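Read-outs throughout are calculated quantities, based only on the coordinates presented, and are distinct from any laboratory measurement. Note that the coordinates shown come from a computational prediction; the quantities given were computed from them, not determined experimentally. Neighbour counts run over all protein chains shown; Cβ positions are idealised from the backbone, glycine included.
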Number of protein chains: 2
Amino acid sequence: MQAYSLPILPQPKRVGLSTEVMGIDEAQQPISLRIIEEQAWTLYLNATEIVTVMTIGDYPDLLAVGYLVNQNLLENINIITAIDIDHELQVVVVRTDAAAPPVLSRRIRTSGCAEGTMFEHVLENLPKQILNDTSILSTDVMMQVLKRINTTPSLYLEAGAIHGCCLCQQENIIAYLEDVGRHNAVDKIAGLMHTHKLDGSGCWFYTTGRLTTEMVIKTVQMGIPILVSRSGFTAAGVTFAQQYGLTLIGRARGKRFQLLSHPERIAFL
Amino acid sequence: MQAYSLPILPQPKRVGLSTEVMGIDEAQQPISLRIIEEQAWTLYLNATEIVTVMTIGDYPDLLAVGYLVNQNLLENINIITAIDIDHELQVVVVRTDAAAPPVLSRRIRTSGCAEGTMFEHVLENLPKQILNDTSILSTDVMMQVLKRINTTPSLYLEAGAIHGCCLCQQENIIAYLEDVGRHNAVDKIAGLMHTHKLDGSGCWFYTTGRLTTEMVIKTVQMGIPILVSRSGFTAAGVTFAQQYGLTLIGRARGKRFQLLSHPERIAFL
């Protein structure tokens with residue numbers, strides 16, 4: 001199991017993450033542009049095939065562990081003994097010291113698709129604890145970090161059509177991970193936190209994606225008290241955030257933002 | 001089963017689709033803003049529970065039929081005898097003249113979540129035919145319609161954080177449907193086409209979402225020869241479009257766009 005040195009930042013020039021394609025523009029002129037490559041990786045928990053996901057394939061180990069953590073499939077298995085990655089077959093196997101939990105087959109059956117958001121599944125995974133972290137983030141630190149994120153070389157700047165997530169601690173970016181689906185990007189952060197024994201308390205989380213129920217619940221599960229997005233809100237996401245003690249900030253662009261839940265952690269400077 | 005009069009356009013003022021919430025802005029001033037409501041609807045095919053999806057809940061009948069069509073679950077069942085909607089329980093039942101296909105249980109088990117995109121599932125559902133529609137769309141008609149879409153009163157303009165899809169025929173918008181996930185919006189269009197016996201030939205499709213593999217394959221399955229998006233591309237989506245004869249236009253904003261596949265259907269005027 002590989003330990004990564006932090007911070008992890010995007011590697012937009014890495015071979016295989018994006019590719020050059022030819023086309024024409026509105027004036028019928030030839031253009032060449034970079035677009036994101038998708039790969040189909042299959043995740044195993046020991047001998048059990050869990051899921052096949054479309055991903056940019058940069059951190060299959062973190063994606064696999066984070067997926068398992070966020071699906072509560074590692075609940076009673078805290079010891080990962082090995083993570084085997086086969087880049088050719090695009091298979092990643094997470095090996096643990098105990099067998100897969102018995103609820104596994106039922107869980108997977110109910111996780112049908114609706115942009116990653118399954119309500120039954122969400123209800124099964126409701127966090128058990130309310131966030132009571134008392135850390136404070138000032139608006140000037142937040143805005144300075146958001147500006148730094150937006151100007152960091154990334155696949156988003158290189159090719160677009162990708163979501164990004166950042167785990168931050170005050171003015172430090174601990175990890176900036178991107179993927180074709182925002183769920184993968186979040187799962188990779190969760191995988192990093194699990195494998196590197198990082199605690200969410202005192203941290204804040206930035207996502208380019210919308211603040212849906214699922215995003216709010218995943219953030220609470222990761223124990224991160226503040227969630228910030230460039231995008232907007234949904235009503236259920238706001239309700240869950242208020243209920244679980246999560247500070248929720250949306251539409252954070254330039255110097256503007258909207259704060260809809262638990263403002264007590266934000267210092268307006 | 002209800003027949004809708006066309007065109008179907010967004011109803012941003014309809015009760016229950018969005019709600020007012022209070023918050024504060026970056027200057028710590030109180031703000032009130034409208035945000036989208038999500039509902040958890042459960043879809044049944046006859047007596048079989050298929051999936052629970054988060055949706056704005058405006059057209060559960062179209063969503064249910066379109067979901068079944070796009071998952072190839074109505075393959076050998078062309079006759080829908082009834083669609084029962086229970087708004088209180090948020091349940092929709094599609095009734096057919098034959099039992100559910102035997103592949104049902106396996107299909108659902110493999111449809112795990114990765115922003116709605118499952119590769120195995122995609123491979124199972126690969127279109128059988130290549131698009132050979134010879135209709136022509138001119139750039140001036142396309143741009144005029146895109147401008148009309150962007151200025152039509154919508155939940156997007158009212159509250160944001162929502163995806164939209166439009167089925168168009170030359171300068172006519174046949175349906176403009178929105179939902180929290182772009183997959184739902186596409187499925188509602190597919191449901192409309194199935195229940196209203198609309199053929200995709202000679203039509204074009206607009207989406208606010210990215211041009212991923214899944215979006216390309218769904219468009220080909222619907223028999224629509226031209227797919228236009230405000231957002232960008234992924235490499236696999238472009239490859240599938242080239243292979244299946246789909247004209248693919250991305251990053252269509254203002255007077256600009258990028259055309260990466262089958263330009264022969266576009267007249268540059």
### Query
What size of dipole, in debye to the nearest 20, comes out for the protein assembly as shown about its Cα centre when the only charges are +1 on Lys and Arg C-beta atoms and -1 on Asp and Glu C-beta atoms?
960 debye
### Task
Take residue B:170, project a point 7 Å from its Cα along the Cβ direction, then tell me which residues of region B:254-269 have their backbone nitrogen under 20 Å from it.
B:264-269
### Query
Amide H to amide H, which residues 5 or more places from residue A:174 or on other chains are under 5 Å from it, using H placed in the peptide plane?
A:167, A:168, A:169
### Task
For residue B:88, go 7 angstrom from Cα along the Cα-to-Cβ vector, then report the distances to that same point in the other copies in nm, smallest first.
6.2
### Query
Counting Lys and Arg as +1 and Asp and Glu as -1, each charge on the Cβ, what is the dipole of region A:137-267 about the Cα centre in debye, to the nearest 20?
320 debye
### Task
Under 18 Å between C-alpha atoms is the cut-off here; go through the protein assembly as shown and count lysine pairs that meet it, provided they're at least eight residues apart or on different chains.
10
### Task
Work out the mean other chain Cβ neighbour count within 10 Å for the residues of B:210-218 and drop it here as an integer.
2
## Note on the structure
For chain A, the dipole about the Cα centre with charges only on Cβ (Lys and Arg +1, Asp and Glu -1), to the nearest 20 debye, works out at 820 debye
### Query
Hey, can you rank B:178-184, A:232-238, B:30-36, A:39-45 by average C-beta count inside 10 Å, highest first?
B:178-184, A:232-238, A:39-45, B:30-36
### Query
Which Cα, out of B:185, B:263, B:168, lies furthest along the positive dipole direction of region B:137-267 (beta carbon charges, K/R +1, D/E -1)?
B:263
## Note on the structure
In whole percents, the bins of 10 Å from zero upward hold the Cα-Cα pairs of region A:158-261 as 16, 52, 29, 2
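Given only helices, namely DSSP H runs of n ≥ 4 each adding -39500 (n - 2.57), what is the per-residue ellipticity at 222 nm of the protein assembly as shown, to the nearest 500 deg cm²/dmol?
After summing the helix terms and dividing by the residues of the protein assembly as shown, the value is -8000 deg cm²/dmol.
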### Unit charges at the beta carbon, dipole of the protein assembly as shown: most positive-side option, A:236, B:206, B:43
B:206
### Message
Quick check: convex hull over the Cα atoms of chain B, volume per residue in Å³, rounded to an integer?
### Response
139 Å³
## Note on the structure
Of all DSSP beta bridges having both residues in the protein assembly as shown, the percent classed as antiparallel (nearest 5) is 70 percent
### Query
Can you give the three extents of the C-alpha atoms in the protein assembly as shown along their principal axes, from longest to shortest, in whole Å?
59, 49, 49
### Message
Using each residue's phi in region A:185-190, evaluate 6.51 cos²θ - 1.76 cosθ + 1.60 at θ = phi - 60° and report the 3J(HN,Hα) Karplus result to the nearest Hz, with x for Gly and Pro.
### Response
4, 5, 4, 5, 5, 4
### Task
Just grab the label-to-label distance for residue A:48 and residue B:32, each label 7 Å out from Cα along the Cβ direction, in nm (one decimal).
4.9 nm
